[in-house]
Amino acid sequence: MTDRQSLRVRLDKLREFQKLLQGYRKIRWGIFKDDLTIQGAAQHYFLLAIECCLDIGEIIIADKQFRHPTDNRDVFRVLGEHRVLPKPFAEKFMLAAGFRNLLVHGYTKIDLAKVYEHLQNEVKQFSIYARYISRYIEKH
């Protein structure tokens, strides 16, 4: 699979995960906080969406031989440095990597209110990310 094909597959998956997360956005807090299945699904799709974004970034970084990122947050920083993403967006999107780390490593301390807040306020960032990446692919 070429890098371009690999990117498109991951962009399609990102859009799929975002669509699922959009559905969970509609769930009221009272239901969300009491339903372990909904909580688990939302957290899982967040994790998968963020992993897609990281994979996409790493593929571009490797293909273009940009500097090697030091950690997950740095993936987005590198994309900002090379104008794959606008710098302000890249800096804001680094928070997604932090949220990913919480979901993976801090699962014993997850604050459901924060997950719900991310669900309400941050899901749209995935479509913005996908749009920037799609434009970049078209130009290069």
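The values are calculated or read from the model by the stated rules, or taken from the named source; none is laboratory data. Treat the numbers as computed from the prediction; the structure is a model and nothing was measured. Virtual Cβ from ideal backbone geometry, glycine too; neighbours counted across all protein chains shown.
Below, the figures for the structure above:
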| read-out | value |
| --- | --- |
| Meets criteria (free of Cβ contacts under 8 Å to residues at least 60 places away in the same chain and under 18 Å from LEU11 (Cα atoms)) for VAL75 | yes |
| Given (1) more than 25 Å from ARG8 (Cβ to Cβ); (2) in contact (Cβ under 8 Å) with a residue 24 or more places away in the chain, number of the condition ILE137 does not satisfy | (1) |
| Residue, nearest to the chain's Cα centre (by Cα), within the range 24-35, restricted to residues that are exposed (fewer than 14 other Cβ atoms within 10 Å of the Cβ) and in a helix (DSSP H, G or I) | TRP29 |
| Top-ranked residue of the range 66-114 - restricted to ones that are β-branched (Val, Ile, Thr) and part of a helix (DSSP H, G or I), ranked as modelled with the lowest pLDDT | THR108 |
| Selected residue (criterion: farthest from LEU54 (Cα to Cα)) from residues of the range 86-140 that are under 10 Å from the mean Cα position of the chain (by Cα) and of a type in the set (Ser, Thr, Tyr) | SER127 |
| Conditions (1) farther than 18 Å from ARG8 by Cβ; (2) crowded, with 19+ Cβ neighbours inside 10 Å; (3) modelled with pLDDT of 95 or more: number failed by ILE38 | (2) |
| Filter pass, GLY80 being surrounded by 17 or more Cβ atoms within 10 Å (Cβ to Cβ) and either in contact with a strand residue (DSSP E or B) (Cβ under 7 Å, 6 or more places away or on another chain) or at negative phi (or both) | yes |
| Residue check, LEU54 surrounded by 13 or more Cβ atoms within 10 Å (Cβ to Cβ), part of a helix (DSSP H, G or I) and modelled with pLDDT of 95 or more | yes |
| Residue pairs meeting the criteria (Cβ under 6 Å; at least 6 apart or on separate chains; first under 14 Å from ALA42 (Cα atoms), in the range 9-28; second among the charged types (D, E, K, R) and not in a loop (DSSP other than H, G, I, E, B)) | none |
| Number of the condition not met by TYR132 [criteria: (1) at pLDDT 95 or above; (2) aromatic (Phe, Trp, Tyr); (3) surrounded by fewer than 14 Cβ atoms within 10 Å (Cβ to Cβ)] | (3) |
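One line per residue, one yes/no per condition, for (1) in contact with a Leu (Cβ under 7 Å, 6 or more places away or on another chain); (2) under 12 Å from TYR132 (Cβ atoms):
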{"residue": "GLU58", "(1), (2)": "no, no"}
{"residue": "ILE61", "(1), (2)": "no, no"}
{"residue": "PRO69", "(1), (2)": "no, no"}
{"residue": "VAL75", "(1), (2)": "yes, no"}
{"residue": "VAL78", "(1), (2)": "no, no"}
{"residue": "PRO86", "(1), (2)": "no, yes"}
{"residue": "GLU91", "(1), (2)": "no, no"}
{"residue": "ASN101", "(1), (2)": "no, no"}
